[in-house]
There are 2 protein chains.
Amino acid sequence: MMPGDIQPYIDGVLNGNRRMLSKTITLIESTHADHQKKARLIMDQLLPHTGKAIRMGITGVPGAGKSTFIDALGMMLLEMGHKVAVLAVDPSSVVTGGSVLADKTRMKKLSIEENAFIRPSPSGGKLGGVASKTRESMLVCEAAGFDVIIVETVGAGQSEVAVASMVDFFLILMIAGAGDELQGIKKGVLELADVVAINKADGDNINRAKLAQQQYEMALHISAPSFSGWRPPVVTCSARESKGIKEIWNIVTDHRTILAATGELDMKRRQQSLDWMWYLIKESLTESFNSDPQVKNSLTKIKREVMDGLTSPISAAEKLLTYHNIN
Amino acid sequence: MMPGDIQPYIDGVLNGNRRMLSKTITLIESTHADHQKKARLIMDQLLPHTGKAIRMGITGVPGAGKSTFIDALGMMLLEMGHKVAVLAVDPSSVVTGGSVLADKTRMKKLSIEENAFIRPSPSGGKLGGVASKTRESMLVCEAAGFDVIIVETVGAGQSEVAVASMVDFFLILMIAGAGDELQGIKKGVLELADVVAINKADGDNINRAKLAQQQYEMALHISAPSFSGWRPPVVTCSARESKGIKEIWNIVTDHRTILAATGELDMKRRQQSLDWMWYLIKESLTESFNSDPQVKNSLTKIKREVMDGLTSPISAAEKLLTYHNIN
């Protein structure tokens, strides 16, 4: 690999060239070994130019109004002079090969703006891989001068944890009166929130939104705060009417100010980077274990024995590891 | 290893001999390679005799009255003809080398009963190791004829997840009016509950307990149920006055009946066994990675580079894995 090969990408991204930004993310998302190597070399050069953006995760079940919310928030941020990138982590894209999130047609206003960049979820591969690629894409967007990065996901469980572990602030979008089953927010996801926003608080829905607000407040305040000094507020908003959006952004920036002042932001990001490294290492170790022909040969049989209670998990692990280590 | 070596353990446990039960658990908890091998051989023989007990996890912060509660529940179960084993997972024992949980002196009545077996948390090692040993001990107790196994832990976070992943039913013991910070239940733990019991609902504390009950009900019912058909109830009790204990046990057996009828119990246990196997495999792979001299040599430097943002987590993982694979 000649350094010259990657220089146009690095220069392009640092100059805020959208085409080179897109091409760099395409390299990151590629599964070709050659592209991956190129992407890593580019990343290492871009890394010193990252870290300045506000990284915000947003989740909510279909119907909560995520697209409208991000469109409204994004447009407001552009007016304030920010540059906004919207990325997505969507585990369903792993199955369908396509992506339903961060679709340009969903954010009608934002998608045609010069200072906004919208990128759908990378398709294919496991959640970890998808999330890892989104994380790297986030950094590339930062290097390209986007100072607010919104990482969007659906409220299905696993992907929320992945997204929360790459952002500074995590917002959960809810709607009132749908009943908790209909909300479909999985166990544990609510606990990730730095703010809960009850959307669609407009028209004759305002009172129901206020009631939901009280309920979520109670639910959230029973468990311990995410770090000393921050209690996730519960607010109402109407993305359709652009109401409450400014207030939510104030919460994000207040949170940022506290995080920065206490040193928590720096600590959090350092830890996130380290966690990511360990995640990748463990994934790779497991991957090489799983693709070991000796392991492959006996895995099905041993798994069945464990599930049928004929072999203890300890013995089974021992056996498989012995096969792997002999190789 | 001669089979004769382990036969007395197997026979002893299956005959319900308490001394051999204790000795077998001591083998399981031992870190000697020879003992571990022996323990694995014994486990494989005992495994077909396990699976019939009700496996119940109990957590709650210090002061919630766990000891009194388990003492009261245990005594009631003995009167009903059950045989009760109490085991513990205590991550603090990893640090202190001792154990504060399942201490025989804490459960005054239960500890002198013939049909009760109390074993403190194994000390030393990481949480995963401690939990793994507790899990195996649980199975040995089942093989010895104990038909209710109570696995106790403190409300500190990680160990609750480990315990919830080895039991059929998870109970969280709370007290009223202590304020949520004082309760000290970590984020996500409440989500593991199959029932929440507000203890110390006695004397002039009854009304406060009822209020806490309502609050927890609201908090719990905002997230999705653990499986179709089960909504974790919130109840009050007084372990000191043995009030509400029978009602809680009825909830446990109702849950069991539903779990068994839907096939969920079998599915859950099969999945738990498989998860445990994978957990052990991943732990071992990480362990062998961490103890690799090449990795050890460069880990501190690379970790610092990642935390300082000089190397991307992807490049760092790549580098360390290359060192490891060359070895």
What are the membrane-span-like helices in chain A by this rule: whole DSSP H runs, Cα extent along the axis at least 15 Å, mean Kyte-Doolittle hydropathy at least -0.5? A:3-14, A:18-29, A:66-79, A:127-143, A:245-262, A:313-326
Local net charge near residue A:40, Cβ-Cβ under 15 Å (Lys/Arg +1, Asp/Glu -1): -2
Gap separating the Cα centres of the stretch A:273-319 and the stretch B:263-303, nearest whole Å: 8 Å
At 1.4 Å probe size, with every protein chain present, just tell me what the per residue accessible area of the stretch B:10-93 comes to in Å². 38 Å²
Name the residue farthest towards the positive end of the dipole of the stretch B:277-323 from the options B:322, B:288, B:302, assuming +1 on Cβ of Lys and Arg, -1 on Cβ of Asp and Glu, about the Cα centre. B:302
Roll a 1.4 Å probe over the protein heavy atoms and report the accessible area of residue A:55 in Å², nearest 10. 10 Å²
Test of understanding: what is the full-extension gain from residue B:15 to residue B:304, defined as 0.36 nm times their sequence separation minus their Cα-Cα distance? 98.5 nm
Residues of B:283-289, mean number of Cβ from any other protein chain within 10 Å of their own Cβ, rounded to a whole number? 5
Estimated 222 nm signal from helices in chain A, with DSSP H stretches of n ≥ 4 weighted -39500 (n - 2.57), rounded to 500: -17000 deg cm²/dmol
Mean per-residue count of partner chain Cβ within 10 Å for A:268-279 equals 5
May I ask you to report, in nm to one decimal and beginning with the shortest, the distances from residue B:298 to the same position in the other copies, taking label points 7 Å along Cα-to-Cβ? 3.2
With every protein chain kept in the model, how would you rank A:160, A:283 by accessible area, 1.4 Å probe, largest at the top? A:283, A:160
Taking only protein heavy atoms and a 1.4 Å probe, the highest-to-lowest accessible-area order of B:305, A:152 is B:305, A:152
Can you spot the lysines whose alpha carbon is less than 20 Å from residue B:38's alpha carbon? Ignore those fewer than 8 places along the same chain. A:319, B:23, B:133
How charged is the neighbourhood of residue A:285? Take every other residue with its Cβ under 12 Å from the Cβ of residue A:285, and add Lys/Arg as +1 and Asp/Glu as -1. -4
Selection from B:28, B:61, A:51, by position along the positive dipole direction of the protein assembly as shown (Cβ): B:28
Going from most exposed to least, what order do B:71, A:308 have by accessible area with a 1.4 Å probe? A:308, B:71
Using the basic label-point model (7 angstrom from Cα toward the beta carbon), what is the residue A:31 to residue B:211 distance in nanometres? 5.8 nm
How much solvent-accessible surface does residue B:306 expose, in Å² to the nearest 10, with a 1.4 Å probe and all protein chains in place? 0 Å²
Once the label point is set 7 Å along the Cα-to-beta-carbon vector, what list of distances in nm do you get between residue A:22 and its counterparts in the other copies? 7.4
Can you pull the accessible area of residue B:35 for me, 1.4 Å probe, Å² to the nearest 10? 70 Å²
Using a 7 Å Cα-to-Cβ projection, residue A:250 label spacings across copies, nm, ascending: 5.1
With +1 on each Lys and Arg Cβ and -1 on each Asp and Glu Cβ, and nothing else charged, work out how big the dipole of the protein assembly as shown is about its Cα centre, in Debye to the nearest 20. 380 debye
How large is Rg over Rh for chain A, taking Rg from the Cα atoms and Rh as the Kirkwood inverse mean of 1/r across Cα pairs? 1.01
Quick check: net charge around residue A:58, other residues with Cβ under 14 Å of its Cβ, Lys/Arg +1 and Asp/Glu -1? -3
Provide a whole-number value for the mean count of partner chain Cβ atoms within 10 Å of the Cβ atoms in peptide B:40-52. 3
Kirkwood-based Rg/Rh on the Cα set of the protein assembly as shown evaluates to 0.99
Relative contact order, percent, the stretch A:1-45 [alpha-carbon distance under 8 Å, six or more residues apart]: 37 percent
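The values are calculated or read from the model by the stated rules, or taken from the named source; none is laboratory data. All of these numbers come straight from a predicted model, not from anything done at the bench. In this analysis, Cβ positions are derived from the backbone assuming ideal geometry, glycine residues included, and neighbour counts consider all displayed protein chains. Please note that ligands, DNA and RNA were not included when accessible areas were found on the heavy atoms of the full protein model with its side chains. Shrake-Rupley method; radii C 1.70, N 1.55, O 1.52, S 1.80 Å.
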